[in-house]
Structures are given as structure tokens and as C-alpha cells.
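Working notes, beginning with the structure itself.
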Amino acid sequence: MITVKKLVKRFGLKTILRGVDFEVQPGEFVALLGPNGAGKTTFLRILSSLSRPSLGDVMIAGYKLPHEAAQVRARLGVVSHLPLLYGDLTANENLRFYGRMYNIPDLELRTTEVLEMVGLESRRRDLVRTFSRGMQQRLAIGRAVLHDPDVVLFDEPYTGLDQDASSMLDEVLKTVAAKGRTVVMTSHDLARAEDLATRFDILSRGVISASASRKELKKTNLLAFYKQALAS
Amino acid sequence: MVDKTTEIRSVPLERRSHKSSFIKAVGAVVWKDLRAEFRSRELFSAMLVFSLLIILIFNFALELDIKTRQSVTSGVLWATFAFAGTLGLNRSMAIEKDRGCLDGLLLAPVDRSAIYFGKVISNLAFMLIVELIVLPVYSVLYTVNLFQPGLLLVILLGSIGYAGVGTLLAAMSVQTRTRDILLPILLFPVVIPVLLSAVKASSGFLNGADWEEIVLPLNLLIAYDIIFIALAFMVFDNVVEE
């Protein structure tokens, strides 16, 4: 579903990604872990077509970036630590707006389905600026899956959430993944990543330094694997 | 809380023509901007108060007789529209950037120029509404009749050019930390041809000049509008991408 070969990203003289090779099979849930500044967000921005690669090949769902970006975007949902929602619109209006941008048919029905999925149906007429951080993040996930994408990218979705809101988000993330979607999530929260993901990749110093599936990690825990990958 | 059965339907993206989805996306951006502004009135009230303050300051500062008032009108008007317009353009893009909404827009599978045109139309709408309120106030304060069809046409054409180039530069400057300062620095030199033509054509209509005198700045204004908007249409994608 996602194939990345020798991806390099430079900002001026600074090289952030130094030849990343990355492959994700359909239906996989990959947790992309790494320290601050490792290039996780930059990598996800390239996958989501918001940033152009300096070198290398990126293919998503059979389409090549950046040349077929519109086709990729139609099959992609993105959730970042910012909600990407308008505070002065209601939850329903936000979804309707994005639905029109994605040209979704039966928008009223789909909006209701998504609001039910993220547990915000009763707040559909409330302005988003009155929502808590956790509710905004749940609505952000609703926005990202509104067009039923094949691939969903999560960039630090737990940032700024308290324990209750994080637990609720876990449930929503499981629902999103349960539909057989391909998911890539960056996170600092190893426990949550361990609970959700089927594969764990460590991005360190601009390259994927280690990768292991859930099965391969049976003998050791994620924290030990993570520490080992960073040390090597 | 989460009912896993609710998300069983696959959503096929509507297969409509490129033109139809382009127009739909432009409409969506305009609807969203107007709806949000109708609720917050953040941008509109700032532009309006600023415009009224400028014409009041000019009124007291210049202390002109009736004849001279007529001759400075086009200059004062366009200075007011330009300053207020900059304020609106800055805020309009800042709203998109602050909560990451610009990324949300850029992630949509539409031609990115649809986002540009949507923002231009909503910025233009805000400018025109402010101008519609400023004109009668100016007429009363300066005792000048501004409700002439020719002048209104110039105001419309000048505002289109200003919003067209301003939206592009606002999209550029909003990516920087110094966006509030950067936009006027970038915008005013670029928009000088529009302002000069608009001032000249406005003066012509206000002073009852011959059509031959007015037609040149009016044609230049139309040409600048077309050139600027066509240029912005071509480069917007590159401006907003990292």
C-alpha cells in the first residue's frame, strides 16, 4: 500500500531524512517511533503530499508522489496534533465543509455516521471552539475518515490529551483500524503504540534504524527494542 | 461510546467532472469563510473600524475646503481600502494557519487553485461589504457624491485586483513568523499598478473627465486584474507547498 525508497528531505543545508526505505502492506498498523527531531513529522508530511521529497520515490495505493498527489489525497486521511478544524463552525458544519471538498455523496448521512462513530452525535450543532481537546481530536479523526480513505496517517494523535481522552481516542483508533485500513502512526507513547500497532519501525537520525512485527517482539518488549534500536 | 457497526459503508468519491468538483470546492471555501465570519465577525469588524478611523483621521488632518476635498477623494479612498484590505487578508490566512486548517484544505483532492479562488472570492466579499459601508460615511463626512456607476465599477475592479494578488501573497507570508509585517511589505510594491490605475480612473469619474482620459487607466486596471489572477492561479500550488 505504501512504498518509500531512498527518501531524502533537505531544508536548505539541513538534511532531515537521509534515505528512508519503508514499506507497508494493506491493512497493517505501523507505529513509527523515534526521538524528537528524528524526522517523523517531516516523513508523514511527505506521505500526505504536503511536502515534496528532495530525492527518492514515494508510492501510495499505486500512485506516485508528487506527480499524482490528487489521487493519493483522495485515498488518504490525516490526523495531526493540530485539529485542522474551524472553531467558528459547528461539528456538523466542519464535516460538511470537508465533505464538499472531497465531493462525498449523501453527505448528510455520512456526516451522521461519522459523528456517531466518534461519539459526538449529540454535539453536532455545537461550535468546535467549545469542545475539549479530546473531543476536537475525536472530531479530527472523523474528518480524516469522512471519505473512507484506504490509508490513515496519525501524527502524534495523543499530544495534549488527558488519560480519559486518550482512552477514548484508543477506541476510535481501533475502530478506524478495524475496517482493514492501512494505518501509520507516529507517537512517543510506547505503551499505546504497543497496544494498537501490528508493526513497529524506529526512525532515528533520518533513517529507519529498526523494524519488528508484533510477533517478532514476543520475546522482548517494545521499550527494550526501542532503546536497542536507538543505541545501535 | 464507539459503535463499530456504524462505519460499515464504503464511501465512493463522487465521479463528477473536474470542472464540477472545482466549482464545488470553490463554493465550499467561500461558504465556510462567510459562515465562520458571520459567527465571529472578527475580520469584518476589524476592517470596518480601521477603515472608518482612517477616513476620520484624514478628515480632521487635512481640513480641506469643498473643492479640494473632491480632488483628494480618490487618493483617500484607495489608501483606506488598501490598508483595511491588508488587515483582512492577513487575518483571513492566519485563521487557516493557526489551527492547521490550511493543511486540511491542502489535503483535499481538488485542484489547489480552487482553494485560491475560494479565498479570493471571500476576501473580495469582505472588502466590498466594508467599502459599501465606508462609501456613504465618506460621502457625508466629505460632502462628495460617491454613488456614480463609473466609480463603483472602478472600486469593484480595483478590489478584484487587490484581493487577487493579496490572497496569493498572504498565503506566502502566512508561512513565516513575521507574517503581519511581511504582507504589506510584499503587497504594496506589487499592487502599485492596480492602485495607480484605480486612483487615476476614480479621479476621472469624480472630476467628470472625458472618457478618453478614463479609458486608459480603466483598461490597465482590467489588464492587471487578469494578469495578476492568472499568475496567482499558476503559482499558488508552489507557494503553499513546502
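Is there a residue in the range A:186-207 that is within 11 Å of chain B (Cβ to nearest Cβ) and either outside any strand (DSSP E or B) or surrounded by 19 or more Cβ atoms within 10 Å (Cβ to Cβ) (or both)?
no
Is there a residue being surrounded by 24 or more Cβ atoms within 10 Å (Cβ to Cβ) and either not hydroxyl-bearing (Ser, Thr, Tyr) or not in a helix (DSSP H, G or I) (or both) anywhere in the range B:138-154?
yes
Scan the range A:152-167 and tell me whether some residue there is farther than 22 Å from residue A:28 by Cα, in contact with a Lys or Arg (Cβ under 8 Å, 6 or more places away or on another chain), at pLDDT 85 or above and not polar (S, T, N, Q).
no
Are any of the residues in the range A:157-164 crowded, with 16+ Cβ neighbours inside 10 Å, within 14 Å of chain B (Cβ to nearest Cβ) and not in a helix (DSSP H, G or I)? It would help to see each step written out before you state the result.
First, the residues of the range A:157-164 that are crowded, with 16+ Cβ neighbours inside 10 Å: A:157-158, A:161.
This time we only want the ones that are within 14 Å of chain B (Cβ to nearest Cβ), so: A:157.
Checking which are not in a helix (DSSP H, G or I) leaves us with A:157.
Yes; the residues of the range A:157-164 include at least one that is crowded, with 16+ Cβ neighbours inside 10 Å, within 14 Å of chain B (Cβ to nearest Cβ) and not in a helix (DSSP H, G or I).
I'd like the full set of residues that are surrounded by 13 or more Cβ atoms within 10 Å (Cβ to Cβ) and among the acidic types (Asp, Glu), limited to the range B:204-242.
B:213, B:225, B:237, B:241
Being touching a Leu at 6+ places or on another chain (Cβ under 8 Å) and without any contact (Cβ under 8 Å) to a residue 24 or more places away in the chain narrows it down to one of B:104, B:88, so name that one.
Numbers: B:88 fails: without any contact (Cβ under 8 Å) to a residue 24 or more places away in the chain.
Sole residue among the options that is touching a Leu at 6+ places or on another chain (Cβ under 8 Å) and without any contact (Cβ under 8 Å) to a residue 24 or more places away in the chain: B:104.
Within the group A:85, A:44, which residue is part of a helix (DSSP H, G or I) and either at pLDDT 90 or above or within 14 Å of the chain's Cα centre (by Cα) (or both)? Walk me through how you get there before you give the answer.
Numbers: A:85 fails: part of a helix (DSSP H, G or I).
Unique residue meeting the criteria: A:44.
Hey, among the residues in the range A:121-137 that are among the basic types (Lys, Arg) and at pLDDT 90 or above, which one's surrounded by the fewest Cβ atoms within 10 Å (Cβ to Cβ)?
Quick first cut of the range A:121-137, residues among the basic types (Lys, Arg) only: A:123-125, A:129, A:133.
Add one more test, that the residue is at pLDDT 90 or above, and what stays is A:123-125, A:129.
Values: A:123: 18, A:124: 17, A:125: 9, A:129: 14.
Taking the candidates together, the pick is A:125.
Looking for whichever is modelled with pLDDT of 90 or more and facing chain B (nearest Cβ under 10 Å) here; the options are A:114, A:79, A:118. Which one fits? Show your work before the answer.
Details: A:79 fails: facing chain B (nearest Cβ under 10 Å); A:118 fails: modelled with pLDDT of 90 or more.
Answer to the check: A:114.
Looking at the range B:107-146, which of its residues are out of contact with any Lys or Arg (no Cβ under 6 Å at 6 or more places or on another chain), farther than 30 Å from residue A:51 by Cβ and not aliphatic (A, V, I, L, M)?
The answer is B:126, B:131, B:136, B:138, B:139, B:143, B:145.
Given (1) outside any helix (DSSP H, G or I); (2) touching a residue at least 60 places away in the same chain (Cβ under 8 Å); (3) closer than 24 Å to residue A:60 by Cβ; (4) not hydroxyl-bearing (Ser, Thr, Tyr), identify the lone condition not met by residue A:144.
(1)
Report, by residue number, each residue of the range A:99-111 that is at the interface with chain B (Cβ under 7 Å from one of its Cβ atoms) and either under 19 Å from residue B:19 (Cβ atoms) or acidic (Asp, Glu) (or both). Spell out the reasoning first.
Initially, the range A:99-111 is screened for residues at the interface with chain B (Cβ under 7 Å from one of its Cβ atoms), giving A:100-105, A:110.
Passing the criteria: A:100, A:101, A:102, A:103, A:104, A:105.
Counting only residues that are among the acidic types (Asp, Glu) and free of Cβ contacts under 8 Å to residues at least 60 places away in the same chain, how many does the range A:1-38 have? Lay out the reasoning, then the answer.
The initial filter retains those residues of the range A:1-38 that are among the acidic types (Asp, Glu), namely A:21, A:23, A:28.
The next check asks that each one be free of Cβ contacts under 8 Å to residues at least 60 places away in the same chain; those that pass are A:23.
Matching residues across the range A:1-38 total 1.
The values are calculated or read from the model by the stated rules, or taken from the named source; none is laboratory data. Just so we're clear, the structure is a prediction, and the values are computed from it rather than from any experiment. Glycine also receives a Cβ, built like all others from the backbone with ideal geometry; neighbour counts cover every protein chain displayed.
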